[in-house]
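A quick write-up on the structure given underneath.
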Amino acid sequence: MTIKKTTLFFGFIFFIGLALTSFAADNEHKMNQMDHMNDGRISLGLPAKMKMHQLANMRSHVDAIRTIVGLMGDGDFDSASKIAHLKLGLTPEMKKMCSMFNNDDFKKLGFAFHNSGDALAKVLKTKDMTKSLHALHTTMNYCVQCHATFRQ
């Protein structure tokens with residue numbers, strides 16, 4: 001991949017991450033205002049404290065992806081791998097957290113997302129940009145699928 005293409009690609013990824021973060025904040029505000037309306041997604045029916053905790057976790061995931069993309073752009077695949085495992089992987093803490101939800105489909109999707117984070121970490125260790133981008137794509141697909149299916 002040429003430097004120009006790589007720069008354009010990572011610039012594109014950065015703006016996607018920025019848009020997702022902005023969308024999440026704006027969407028949270030709108031959803032709070034229109035909570036009584038059904039937008040077709042499944043509500044998890046979380047208590048306020050758990051809802052805020054879950055939203056913070058999702059923002060942390062977006063930030064981790066942003067960090068991983070930056071590290072990949074810098075060629076620091078080892079650090080990107082560590083972030084992928086620690087922030088996106090199925091750590092004991094994340095396994096416990098995902099297990100707390102009452103919705104089995106949400107749990108399965110959460111476990112699949114976190115397992116893909118570990119798979120991403122493994123692929124990043126190869127330092128293969130193409131394979132790493134495909135693994136990142138898989139992980140981000142779980143984000144999109146979850147946000148399209150569930151709401152807080």
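Each row is one residue, and each column tells you yes or no for (1) of a type outside the set (S, T, Y); (2) surrounded by fewer than 16 Cβ atoms within 10 Å (Cβ to Cβ).
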residue	(1), (2)
S60	no, yes
K82	yes, no
E93	yes, yes
S99	no, yes
K107	yes, yes
F113	yes, no
S116	no, no
V144	yes, yes
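Where helices (runs of 4 or more DSSP H) fall entirely within the stretch 37-152, those with at least 3 residues that are closer than 25 Å to T2 by Cβ are at 48-73, 77-83, 104-124, 129-149. Does L8 meet the test of being surrounded by 11 or more Cβ atoms within 10 Å (Cβ to Cβ), within 24 Å of T130 (Cβ to Cβ) and at pLDDT below 90? Yes. Take the conditions at pLDDT below 90, of a type outside the set (S, T, N, Q) and closer than 20 Å to H137 by Cα and apply them to F77. Does it pass? No, not satisfied.
Here's the yes/no breakdown for (1) within 16 Å of the chain's Cα centre (by Cα); (2) within 18 Å of V123 (Cα to Cα):
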residue	(1), (2)
N57	yes, no
A64	yes, yes
I68	yes, yes
F77	no, yes
M94	yes, no
N103	no, no
L109	yes, no
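Only one of the numbered conditions (1) charged (D, E, K, R); (2) within 23 Å of Q152 (Cβ to Cβ); (3) in contact (Cβ under 8 Å) with a residue 12 or more places away in the chain is violated by K107, and that is (3). Taking residues in the stretch 119-140 that are without any contact (Cβ under 8 Å) to a residue 60 or more places away in the chain and closer than 10 Å to S81 by Cα, and partners anywhere that are hydroxyl-bearing (S, T, Y) and surrounded by 15 or more Cβ atoms within 10 Å (Cβ to Cβ), the pairs with Cβ atoms closer than 6 Å and at least 6 places apart or on different chains are L120/T139; A121/S81; V123/S132; L124/S81; L124/S132; K125/S81.
The values are calculated or read from the model by the stated rules, or taken from the named source; none is laboratory data. A quick note: this is a predicted structure, and the numbers were derived from the prediction, not measured. Cβ sites come from the backbone with ideal geometry, for glycine too, and all protein chains shown count toward neighbours.
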